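The values are calculated or read from the model by the stated rules, or taken from the named source; none is laboratory data. Since we're looking at a predicted model, the values are computed, not measured. No Cβ is skipped: glycine too gets one built from the backbone with ideal geometry, and neighbour counts run over all protein chains shown.
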Amino acid sequence: MVHTNRKKNRSGTPRKPKIVHTKRREVLDDEGWVHIVDKPSTKPAPNVVELKDESKELWALAADFKIGNCYYVDRTIEELLVEYDRARKSWGKCEACRQLKIFCEEKTSADNEGVKKVVCLGLGSLQNARGEGRKASFGQLVGLLSLLENLGKEGMEIIFQDPAFTALDKQFLTSLSESYSVLETPEAFAKVTVDTMVYAIHCYADIYSQISTQEPPAVLIGTNMDKFEMSSEVDESTGRTLKAMVEGYEKSPFPQIRSDFSDTIIYWGRRSTEEAGVAATPAIEEVQGPEAKEEDAGVEAKDIEPEPIAKDPVAGDDKLEAKEAKTLSPTGETETTSTEEQEDRGVKT
């Protein structure tokens, strides 16, 4: 016989269910929705509260995980490849792609031969939790590769650097070409040389400041440096430094698509001081007006000796050459006059 400590119901009436009253509370999320949740009777451990807060934060931002202050979504390399192909097709149909092609066609082989590698800074993570940010990163990536293709430099070495890159970002970028590599911050700055194209879209002023400490690159594609000089968030010294960094470059606006390349300038082919002086010489000559030309003509005329005057065989030398004679002036001073002047005055010699 089975024994139990539970009391038997000898009355035969069914037992009433025991009602447990729980406290509930309303929780308002970041999107304005109100959630009714059970209020715990006991205080959970601090680590549990922190985990719930982080989960709520990730849920509100549609993120799957967080590294530092950046939020990311889970992706596979196959999914990144699908988004990359979609971005390429979208770029190929836009007006910016056509304008960039025209820009590249105007560049001669002499303009291009100075570019040997690319340093790409601040591309952004392709796993960014913000959909617009992720879309902009893919757009800027295909924009760079389109530029190199139009210049006939597809397959050129590209060095990527961004502290926001995930391990999957690095794996995907290096899978696109054997000539692509990813360096940790700040290693890529040392790779900027005179034969480098620096591709740094919408970077902070301190990124461009570090570029300014390196050799002047052959091409710099980045934010309009005049903006920093007028910005209240950048000190005057930095603004002047960035503006001076791009002096001597040919400036062209990067073709626009959405806001991916807003305020972006292509600084191409910095000229040396000697080249700038030689190029300016013809312009200086053209500015010279007729007065300057007359002066030049006068200088040339001084170098030409006058032709000798032919002697008159009848009149003799005395008629051709002025003869001088000394006479006393009324004041008693000695005057030197020619023979002709003396004849006019009636002075006898």
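Just to be sure, is Gly114 surrounded by fewer than 17 Cβ atoms within 10 Å (Cβ to Cβ), under 22 Å from Leu81 (Cα atoms), in the same structural domain as Trp268 (by TED's automatic domain parsing) and modelled with pLDDT under 95?
Details: surrounded by fewer than 17 Cβ atoms within 10 Å (Cβ to Cβ): yes; under 22 Å from Leu81 (Cα atoms): no; in the same structural domain as Trp268 (by TED's automatic domain parsing): yes; modelled with pLDDT under 95: yes.
The answer is no for Gly114.
Being surrounded by fewer than 19 Cβ atoms within 10 Å (Cβ to Cβ), under 23 Å from Gln210 (Cβ atoms) and modelled with pLDDT under 95, is that true of even one residue in the stretch 94-107?
No - not one qualifying residue is present in the stretch 94-107.
Looking at Glu154 and the list (1) assigned to a loop (DSSP other than H, G, I, E, B); (2) within 23 Å of Thr76 (Cα to Cα), which single condition is not satisfied?
Every condition holds for Glu154 apart from (2).
Closer than 15 Å to Lys116 by Cα and among the acidic types (Asp, Glu): does that describe Asp195?
On the way: closer than 15 Å to Lys116 by Cα: yes; among the acidic types (Asp, Glu): yes.
In short, yes.
Search the stretch 166-189 for residues being of a type in the set (Phe, Trp, Tyr) and either touching a residue at least 24 places away in the same chain (Cβ under 8 Å) or not assigned by TED's automatic domain parsing to the domain that holds Ile207 (or both), and hand back the single one that is nearest to Ile77 (Cα to Cα).
Keep residues of the stretch 166-189 that are of a type in the set (Phe, Trp, Tyr), which gives 172, 180, 189.
Now restrict to residues that are either touching a residue at least 24 places away in the same chain (Cβ under 8 Å) or not assigned by TED's automatic domain parsing to the domain that holds Ile207 (or both): 172, 189.
Working: Phe172: 6, Phe189: 28 Å.
Checking each candidate, the answer is Phe172.
Residues to consider are Leu220, Leu242, Leu173, Leu168; find the one that is in a strand (DSSP E or B) and either more than 11 Å from the chain's Cα centre (by Cα) or more than 28 Å from Gly68 (Cα to Cα) (or both). Show your work before the answer.
Values: Leu242 fails: in a strand (DSSP E or B); Leu173 fails: in a strand (DSSP E or B); Leu168 fails: in a strand (DSSP E or B).
Selected residue: Leu220, the only one of Leu220, Leu242, Leu173, Leu168 that is in a strand (DSSP E or B) and either more than 11 Å from the chain's Cα centre (by Cα) or more than 28 Å from Gly68 (Cα to Cα) (or both).
Quick test for you: out of Thr174, Thr166, pick the one residue that is over 23 Å from Ser90 (Cα atoms), β-branched (Val, Ile, Thr) and surrounded by fewer than 19 Cβ atoms within 10 Å (Cβ to Cβ). Walk me through how you get there before you give the answer.
On the way: Thr174 fails: over 23 Å from Ser90 (Cα atoms).
Of Thr174, Thr166, the one residue that is over 23 Å from Ser90 (Cα atoms), β-branched (Val, Ile, Thr) and surrounded by fewer than 19 Cβ atoms within 10 Å (Cβ to Cβ) is Thr166.
So for the stretch 223-240 (the condition being touching a Pro at 6+ places or on another chain (Cβ under 9 Å), modelled with pLDDT of 95 or more and not hydroxyl-bearing (Ser, Thr, Tyr)), does at least one residue qualify? So that I can check it myself, show each step before the final result.
Step one: list which residues in the stretch 223-240 are touching a Pro at 6+ places or on another chain (Cβ under 9 Å), which gives 224.
In the following step, the residues that additionally are modelled with pLDDT of 95 or more were identified as 224.
If we keep only those that are not hydroxyl-bearing (Ser, Thr, Tyr) too, we end up with 224.
Checked the stretch 223-240: at least one residue is touching a Pro at 6+ places or on another chain (Cβ under 9 Å), modelled with pLDDT of 95 or more and not hydroxyl-bearing (Ser, Thr, Tyr).
Only one of Cys70, Cys94 is under 24 Å from the mean Cα position of the chain (by Cα) and within 18 Å of Glu132 (Cα to Cα); which?
Working: Cys70 fails: under 24 Å from the mean Cα position of the chain (by Cα).
The unique qualifying residue is Cys94.
Going through the stretch 134-171 one residue at a time, which ones are modelled with pLDDT of 95 or more and acidic (Asp, Glu)?
Glu149, Glu157, Asp162, Asp169
Condition (residue is part of a helix (DSSP H, G or I) and either more than 16 Å from the chain's Cα centre (by Cα) or modelled with pLDDT of 90 or more (or both)) applied to the stretch 252-262: is it met by at least one residue?
Step one: of the stretch 252-262, the residues part of a helix (DSSP H, G or I) are none.
Within the stretch 252-262, none of the residues are part of a helix (DSSP H, G or I) and either more than 16 Å from the chain's Cα centre (by Cα) or modelled with pLDDT of 90 or more (or both).
Quickly run through the stretch 181-199 and pick out the residues that are touching a helix residue (DSSP H, G or I) at 6+ places or on another chain (Cβ under 6 Å) and under 16 Å from Ser125 (Cβ atoms).
Once the filter is applied, which keeps residues that are touching a helix residue (DSSP H, G or I) at 6+ places or on another chain (Cβ under 6 Å) and under 16 Å from Ser125 (Cβ atoms), the stretch 181-199 yields only Val182.
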